[in-house]
Amino acid sequence: METILFKALQLIVSLSILVFVHELGHFMWARIFKVGVEKFYLFFDAYSFSFLKWNKEGIFVCNRKVSFRPNPSDTEYGIGWVPLGGYCAIVGMVDETHDAEHAETDRDDAFAKRGKFAQFMIMVGGVLNNLILAVLIYICMAWHWGSDIIKIENLPFGIEYSEYAQQIGFRPGDQILAVDGKTTDYTRLNSNLLLANDVTVRRDGQEVKIALPDTIGQVFLRDNLQLELFAIARMPFVIDSIMPDSPAEKAGLLAGDSLTMLRHEVTLALMSHKGDSLTVDFYRGDSLMSATMLVSEEGKMGAFFHNYMTEDVFTHIDYTFLESIPAGIKRGWNMLYNYVRQFKLVFTKEGAESLGGFGTMGSIFPDTWQWLQFWAMTAFFSVALAFMNILPIPGLDGGHIFILLIEAIIRRPISDKAKERAQMIGFAIIIALMLFVNLNDIWKFIIQPLFG
């Protein structure tokens, strides 16, 4: 339970940063074009109740006025009590904050009184801010932490290919040279393979091009295959040390024993024999031996393997501040490009079934606070939020932009009532999607584990 709450906390903090930056984008451009902003809220103040509210009348905490007062402001700033999202209520705009009757489109500082360029910039401001934030995070990550890559040619024991990889054309011993004609490193190999058209390998001294099927992504989702095991570094499982009173110790295994299975094969075998007996073969010196152990309920044997991924395998890159700028921009672009390419899987049966909500998002965070991981996930979610918001669905920024484009083409405004109806349809679509992905989470994390 503590782990779940800790992951939930990381998710809330991450999304709070993203929502604030997104809504700030709308707010900034509204101010630039002198459009009024009635409310600027992090989280939702459902039923008009909020934890914190600041307007020209003063500061309110839990809707009770505090004695001191800030500078008067026409905008009400606040933190709602429902920790989901946030909003920027813009004067004269028909959206989730105003219906057609209460939008006040006749005010001088109304959204409707501005030109199409101003309206477009106000609407796209949130998406731009999220993309800029992601790039800034990647720049800071490169500058502070640098990056560690593993060159394929530096892997001491080469690459092992999964059964599915061999079915589509890979062979044991293939050395990957390029993916879609571009060199790649082991760190990004599998994610690149998922989106690639072809792979060039060296086989028996000759270069061979392997065409990848278009359905590779659907196969992974349908068969619940692990992407990281598609092409994995070959690593022997040589025992470095053993925990006292562990299954490995009780089975008679000793430090220095070398299991006949590779490291990832041991992991898979242990996970498939949770709470059950598992027989392993191993070498002790030149002698081939076997032992039977009772695997723990967590799928552990209590043995630590010798780590062959030493500094000789990793290539660390340090960046100066100026060098980190193009590195961060490149990483942000690649993240957006790959996310857009993978989005097509959503429209397949397998992709729809794999969609997840807040549970899936929270599960990605580590069990302990790690700044590098936190900022990496925040940057990824920022890219995802930007792309999802630009989709032409009424109620999202992309929906408003789509209406602006229609108005520019037909050279007359669409009625506020029509916008309100589109808003209601879009809102229904968004609610349905939210219910679907979060019900998927309930199925994956609660019902399926309980009932198999």
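The values are calculated or read from the model by the stated rules, or taken from the named source; none is laboratory data. These figures come from a predicted structure and were not determined experimentally. Note that we place each Cβ from the backbone using ideal geometry, even for glycine, and neighbour counts take in every protein chain shown. Ligands, DNA and RNA are excluded from the accessible area calculation, which covers all protein heavy atoms including side chains. Shrake-Rupley method; radii C 1.70, N 1.55, O 1.52, S 1.80 Å.
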Just checking, which of GLY356, GLY398 is in contact with a Lys or Arg (Cβ under 8 Å, 6 or more places away or on another chain), among the small types (Gly, Ala, Ser) and closer than 19 Å to ILE430 by Cα? GLY356
State which residue is surrounded by the fewest Cβ atoms within 10 Å (Cβ to Cβ) when the search covers only the stretch 135-154 and only residues that are among the aliphatic types (A, V, I, L, M) and touching a residue at least 60 places away in the same chain (Cβ under 8 Å). ILE149
Subset of the stretch 369-412, residues farther than 25 Å from LEU433 by Cα and either touching a helix residue (DSSP H, G or I) at 6+ places or on another chain (Cβ under 8 Å) or open to solvent by less than 60 Å² (accessible area, probe 1.4 Å) (or both), comes to TRP369, LEU372, PHE374, TRP375, ALA376, ILE406, GLU407, ALA408
Can you run down the residue pairs with Cβ atoms below 8 Å, 6 or more apart or on separate chains, where the first is in the stretch 366-386 and in a loop (DSSP other than H, G, I, E, B) and the partner is open to solvent by 30 Å² or more (accessible area, probe 1.4 Å) and among the small types (Gly, Ala, Ser)? none
Total residues in the stretch 163-188, condition assigned to a loop (DSSP other than H, G, I, E, B), farther than 21 Å from GLU265 by Cα and open to solvent by 30 Å² or more (accessible area, probe 1.4 Å): 3
Out of the stretch 223-234, which residues are modelled with pLDDT of 80 or more and open to solvent by 20 Å² or more (accessible area, probe 1.4 Å)? ILE232, ARG234
Exactly one of ASP74, ASP45 is modelled with pLDDT of 70 or more and surrounded by fewer than 13 Cβ atoms within 10 Å (Cβ to Cβ), and that residue is ASP74
For the stretch 413-452, which residues satisfy the criterion of being out of contact with any Pro (no Cβ under 9 Å at 6 or more places or on another chain), open to solvent by less than 60 Å² (accessible area, probe 1.4 Å), part of a helix (DSSP H, G or I) and within 23 Å of ALA110 (Cα to Cα)? ASP416, ALA418, GLU420
Exactly one of SER272, SER277 is modelled with pLDDT of 90 or more and out of contact with any Lys or Arg (no Cβ under 7 Å at 6 or more places or on another chain), and that residue is SER277
Restricted to the stretch 269-278, and to residues that are open to solvent by less than 60 Å² (accessible area, probe 1.4 Å) and more than 24 Å from TYR186 (Cβ to Cβ), which residue is nearest to the chain's Cα centre (by Cα)? HIS273
Going by the structure shown, is PHE237 assigned to a strand (DSSP E or B) and crowded, with 17+ Cβ neighbours inside 10 Å? yes
All conditions in (1) open to solvent by 50 Å² or more (accessible area, probe 1.4 Å); (2) of a type outside the set (Ser, Thr, Tyr); (3) under 19 Å from SER296 (Cα atoms); (4) out of contact with any Asp or Glu (no Cβ under 6 Å at 6 or more places or on another chain) are true of ALA248 except (1)
Can you list the helices (runs of 4 or more DSSP H) lying wholly within the stretch 279-363 that have 2 or more residues being exposed (fewer than 12 other Cβ atoms within 10 Å of the Cβ)? 321-342
Given the structure, is ILE132 over 30 Å from VAL199 (Cα atoms) and open to solvent by 40 Å² or more (accessible area, probe 1.4 Å)? yes
Scan the stretch 208-222 residue by residue and report those that are open to solvent by less than 60 Å² (accessible area, probe 1.4 Å) and more than 13 Å from TYR164 (Cα to Cα). VAL208, ILE210
Please enumerate the residues belonging to the stretch 176-188 that are out of contact with any helix residue (DSSP H, G or I) (no Cβ under 7 Å at 6 or more places or on another chain) and over 22 Å from PHE237 (Cα atoms). LEU177, ALA178, ASP180, GLY181, LYS182, THR183, ARG188
Filter the stretch 198-222 for residues that are in contact with a strand residue (DSSP E or B) (Cβ under 9 Å, 6 or more places away or on another chain) and farther than 13 Å from ASP180 by Cα; which is modelled with the highest pLDDT? GLU207
Take the residues in the stretch 114-129 that are open to solvent by 20 Å² or more (accessible area, probe 1.4 Å) and touching a residue at least 24 places away in the same chain (Cβ under 8 Å), then tell me which one is farthest from the chain's Cα centre (by Cα). ARG114
Given the structure, is TRP333 among the hydrophobic types (A, V, I, L, M, F, W, C) and in contact (Cβ under 8 Å) with a residue 60 or more places away in the chain? no
Log entry, pairs with first residue in the stretch 231-252 being farther than 30 Å from ASP174 by Cα, second being assigned to a helix (DSSP H, G or I), beta carbons closer than 9 Å, six or more apart or on different chains, reads ILE242/ALA248; ILE242/GLU249; MET243/GLU249
Which numbered condition PHE157 misses (of (1) under 22 Å from the mean Cα position of the chain (by Cα); (2) part of a loop (DSSP other than H, G, I, E, B); (3) surrounded by fewer than 18 Cβ atoms within 10 Å (Cβ to Cβ)): (1)
